[in-house]
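> Got a structure here, written out as structure tokens. Questions coming.
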Amino acid sequence: DKLRQCLSEVPHAVGVNNHIGSLFTENRVAMQGLMEELASKSLLFVDSYTTSASVGLESAQDNGIKSGRRHVFLDNELSMQHICGQLEKLVDIASEGGVGIGIAHPHTATLEALKSCVPEHESVVQYVSIMDVL
């Protein structure tokens, strides 16, 4: 019910990720119910991997859902220096492994840091939407 409510508030959503609820993502039965709902709506799933015991990615894959796991939280601290440093980590991961998934919030500090720091990496990596990655 909560998922349906949230999706009704963001009707153009292409997928979901977990932000809080680590206990939920550790619960196979709960995640199976969530994945059935996502599959019925053809939505993708990104496991924020807030706990090493998460079964989110595995559950999504078992249900044929386009899915991935977050590599870097960009804005767990709201300073430009930190966010740009996290972006550097993400670029390194993408450069080494071919892809890097970062997640962030729509905070003013995050948006300003991205505007400032993203251009310096555009010659190294290509920024794409999660739909293109998955």
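The values are calculated or read from the model by the stated rules, or taken from the named source; none is laboratory data. What you see is a predicted model, and the numbers here were worked out from it, not measured in a lab. Methodologically, a virtual Cβ is constructed for each residue, glycine included, from the backbone with ideal geometry; neighbour enumeration extends over all protein chains shown. What goes into the accessible areas is simple: the full protein's heavy atoms, side chains included, and nothing from ligands, DNA or RNA. Shrake-Rupley method; radii C 1.70, N 1.55, O 1.52, S 1.80 Å.
> For the stretch 37-55, name all the residues that are of a type in the set (Ser, Thr, Tyr) and open to solvent by 30 Å² or more (accessible area, probe 1.4 Å). Talk me through it step by step, then tell me what you get.
Taking the stretch 37-55 as the starting set, the residues that turn out to be of a type in the set (Ser, Thr, Tyr) are 40, 42, 48-52, 54.
Result: Ser40, Ser42, Tyr49, Thr50, Ser52.
> If you scan the stretch 96-109, which residues turn out to be surrounded by fewer than 13 Cβ atoms within 10 Å (Cβ to Cβ) and farther than 14 Å from Asp75 by Cβ?
Within the stretch 96-109, Glu96, Gly97, Gly98 meet the criteria.
> Quick test of your reading of the structure: Met35 fulfils all but one of (1) under 28 Å from Lys89 (Cα atoms); (2) at pLDDT 95 or above; (3) not charged (D, E, K, R). Name the failing condition by number.
Unmet for Met35, out of (1) under 28 Å from Lys89 (Cα atoms); (2) at pLDDT 95 or above; (3) not charged (D, E, K, R): (1).
> Right, another one. In the stretch 29-47, which residues are in contact with a helix residue (DSSP H, G or I) (Cβ under 9 Å, 6 or more places away or on another chain) and farther than 17 Å from Gly68 by Cα?
Ala30, Glu37, Lys41
> Quick one: which helices (runs of 4 or more DSSP H) sit completely within the stretch 27-134 and have at least 2 residues that are within 15 Å of Gly15 (Cα to Cα) and in contact (Cβ under 8 Å) with a residue 24 or more places away in the chain?
Helices (runs of 4 or more DSSP H) meeting the threshold: 28-40, 56-62, 130-133.
> Further, regarding this structure: Check off (1) among the hydroxyl-bearing types (Ser, Thr, Tyr); (2) open to solvent by less than 30 Å² (accessible area, probe 1.4 Å); (3) closer than 23 Å to Leu114 by Cα for Ser67 and give me the number that stays unchecked.
(3)
> Okay, moving on. From the list Glu58, Glu112, exactly one residue is out of contact with any Lys or Arg (no Cβ under 7 Å at 6 or more places or on another chain), under 19 Å from Val16 (Cβ atoms), open to solvent by 50 Å² or more (accessible area, probe 1.4 Å) and of a type in the set (Asp, Glu). Which is it? Spell out how you get there, then give the answer.
Working: Glu112 fails: under 19 Å from Val16 (Cβ atoms).
Within the list Glu58, Glu112, the selection yields Glu58.
> When you look at Val29, is it open to solvent by 40 Å² or more (accessible area, probe 1.4 Å), hydrophobic (A, V, I, L, M, F, W, C) and either more than 14 Å from Glu58 (Cα to Cα) or within 16 Å of the chain's Cα centre (by Cα) (or both), yes or no?
No.
> Follow-up. Any idea how many residues of the stretch 50-61 are modelled with pLDDT of 95 or more and under 22 Å from Val133 (Cβ atoms)?
The number of residues fulfilling the criteria is 8.
> Here's a follow-up. Restricting attention to the stretch 114-127, which residues are of a type outside the set (D, E, K, R) and farther than 23 Å from Thr50 by Cα?
Answer for the stretch 114-127, where residues must be of a type outside the set (D, E, K, R) and farther than 23 Å from Thr50 by Cα: Ser116, Cys117, Val118, Pro119, His121, Ser123, Val124, Val125, Gln126, Tyr127.
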